[in-house]
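Only one structure is covered here, and it is reproduced in the block below.
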Amino acid sequence: MRKWSNMQDRVESYLQARRRVGYILRIEGAQLLRFARYADQRGHSQHITIDLAVAWAIDSPKSNQIGRARRLEVIRPLAKYCAIFEPATEIPPPHLLGAARQRKTPHIYDDHEIALLLDMANELNPRQGLRPRTMHCLFGLLISTGLRISEALHLNRNEVDLHHQVLLVRLTKFRKSRYVPMHEMVCRVLSQYVDFRDQRLPAVQSSAFFLLDDGSALQYPQALYAFHTIRTKLGWGIRSNGRFPRIYDLRHTFVCRRLLTWYEQGVDIDRMMPVLSTYLGHVKVTDTYWYLTGIPALMEIVAKRFEEQSQMDFKER
C-alpha cells in the first residue's frame with residue numbers, strides 16, 4: 001500500500017501517473033494542486049472525503065453552479081486513483097453539484113454567410129498584403145476540413161502536403177496526431193496562397209504555414225481580431241442561440257453539413273460515426289453523437305427518419 005503524508009503527495013503521484021501515459025493535464029493539474037494546498041492548509045492529511053471535495057468545490061466565490069460542478073468533477077479521477085491505494089477514499093458521485101457542462105446550440109453558417117465571411121476576409125487591411133489572404137485561407141480551411149482553430153494555427157509547412165492532398169495534425173488537444181484529407185479545390189487555393197506568401201516573404205525564418213506581413217506566425221488573438229472585425233462589418237449580432245457567431249462554429253458547421261449529407265444519402269450514421277469521430281480528433285465517440293441532439297436541423301432529420309422507420313416497422317407486423 002502506498003503511503004502519502006499529505007494531499008500534495010497524492011496529487012503529484014496522480015499527475016505523474018497520468019502524464020507518463022501521455023496526458024498533459026495543464027488546467028486540471030493546476031486545479032488539483034490548488035485542491036491539495038486547500039486540503040493541506042486545513043490539516044487534512046488523510047484520504048479524500050466527499051465533504052472535503054465539496055467544500056473545496058464551492059469555496060470559490062466567483063464560481064457559478066457549473067463552475068462549482070466542474071471543480072468537483074476534477075476531483076473524481078484523482079479520488080478513483082487514490083482509492084486503488086487507499087480503499088477508504090470517498091469518490092464524489094457524478095452530478096453531485098449538478099451538471100458540469102452546458103453545451104449551447106452553436107451557430108450553423110449557411111452558404112451565403114460563408115461566402116460573405118471569405119469575401120470580407122479578402123477586404124482586410126492591408127488590401128495588397130499577406131494578411132487578407134492568410135485569413136481567407138484560414139477560414140476556408142476551417143470550414144472545409146472541420147479543424148480546430150488551434151490545429152490550423154499550429155500547422156507547419158511540412159505538415160501541409162498539397163501534392164498528396166493531406167494535412168498532418170500533430171499532438172493536438174488530446175496529444176493525438178492524425179491525417180486529415182483535403183479536397184482538390186482546397187489544395188488549389190492553398191497552393192496559390194503558398195506562392196503569394198513565398199513571393200512576399202522569400203527569406204522568412206518561421207516554419208509556420210500561416211504567416212502575417214512581418215513574417216511572424218499567425219496567432220489566435222490576431223485571428224480572433226480579424227474575425228471580430230469582419231463580424232462587425234457584416235452586422236452579425238446575437239443569434240437565436242444567445243451568442244454571436246464564432247470562429248469555432250465553422251467546425252460545428254462542417255460536422256453538421258457532413259451529417260446532413262450522409263442522412264440525405266441514406267448512409268448508416270451509426271457505422272460512420274466512429275470514422276467521423278476519428279477524423280475530428282474526438283477522444284470519445286459520444287462527443288460526436290452530441291451533434292445529433294445539439295443541432296436543431298439534425299434533430300429534425302433524425303426525428304423524421306425515426307418516424308419513417310417506425311411506420312415501416314408497423315407495416316411489417
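Side notes on the structure shown:
- Boolean, R127 is in a loop (DSSP other than H, G, I, E, B), closer than 30 Å to G215 by Cβ and either open to solvent by 30 Å² or more (accessible area, probe 1.4 Å) or among the polar types (S, T, N, Q) (or both): yes
- Consider segment 79-98 and keep the residues that are in a helix (DSSP H, G or I) and under 20 Å from D40 (Cα atoms). The one that is most open to solvent (accessible area, probe 1.4 Å) is K80.
- Inter-residue pairs, beta-carbon under 6 Å, first closer than 22 Å to E151 by Cα and assigned to a helix (DSSP H, G or I) and in segment 230-254, second among the aliphatic types (A, V, I, L, M) and open to solvent by 40 Å² or more (accessible area, probe 1.4 Å), 6+ apart: I230/M120; T253/I108
- Being among the polar types (S, T, N, Q), closer than 14 Å to V11 by Cβ and either without any contact (Cβ under 8 Å) to a residue 60 or more places away in the chain or open to solvent by 60 Å² or more (accessible area, probe 1.4 Å) (or both) is a condition met by at least one residue of segment 42-52.
- Scope segment 140-171; condition touching a residue at least 60 places away in the same chain (Cβ under 8 Å), assigned to a helix (DSSP H, G or I) and either within 15 Å of M182 (Cβ to Cβ) or more than 18 Å from the chain's Cα centre (by Cα) (or both); matching residues: L142, I143, S144, T145, E151
- Restricting R71, R103, R76 to residues that are buried (at least 19 other Cβ atoms within 10 Å of the Cβ), of a type in the set (D, E, K, R) and within 25 Å of the chain's Cα centre (by Cα) narrows the list to R71.
- Candidates R76, R68 - the one that is over 30 Å from S144 (Cβ atoms), in a helix (DSSP H, G or I), basic (K, R) and in contact with a helix residue (DSSP H, G or I) (Cβ under 8 Å, 6 or more places away or on another chain): R68
- Filtered residues of segment 19-36 (kept if free of Cβ contacts under 8 Å to residues at least 24 places away in the same chain and either assigned to a helix (DSSP H, G or I) or open to solvent by less than 80 Å² (accessible area, probe 1.4 Å) (or both)): R19, R20, L25, R26, I27, G29, A30, R34
- Checking L212, L171, L224 one by one, the residue that is among the aliphatic types (A, V, I, L, M), out of contact with any Pro (no Cβ under 8 Å at 6 or more places or on another chain) and open to solvent by 70 Å² or more (accessible area, probe 1.4 Å) is L171 and no other.
- Those residues of segment 174-206 which are open to solvent by 70 Å² or more (accessible area, probe 1.4 Å), over 17 Å from G146 (Cβ atoms) and part of a loop (DSSP other than H, G, I, E, B), in sequence order: R175, P202, A203, Q205
- Just one of the numbered conditions (1) hydrophobic (A, V, I, L, M, F, W, C); (2) within 22 Å of the chain's Cα centre (by Cα); (3) under 17 Å from Y14 (Cα atoms) is not true of I66: (3).
- Selection count where residues are open to solvent by 100 Å² or more (accessible area, probe 1.4 Å) and within 23 Å of I114 (Cα to Cα), scope segment 155-168: 0
The values are calculated or read from the model by the stated rules, or taken from the named source; none is laboratory data. Since the model is a prediction, treat every value here as computed from it, not as a measurement. Don't worry about glycine lacking a Cβ; one is built from the backbone with ideal geometry, like all the others, and counts go over all protein chains shown. Side chains included, ligands, DNA and RNA excluded: accessible areas come from the protein's heavy atoms. Shrake-Rupley method; radii C 1.70, N 1.55, O 1.52, S 1.80 Å.
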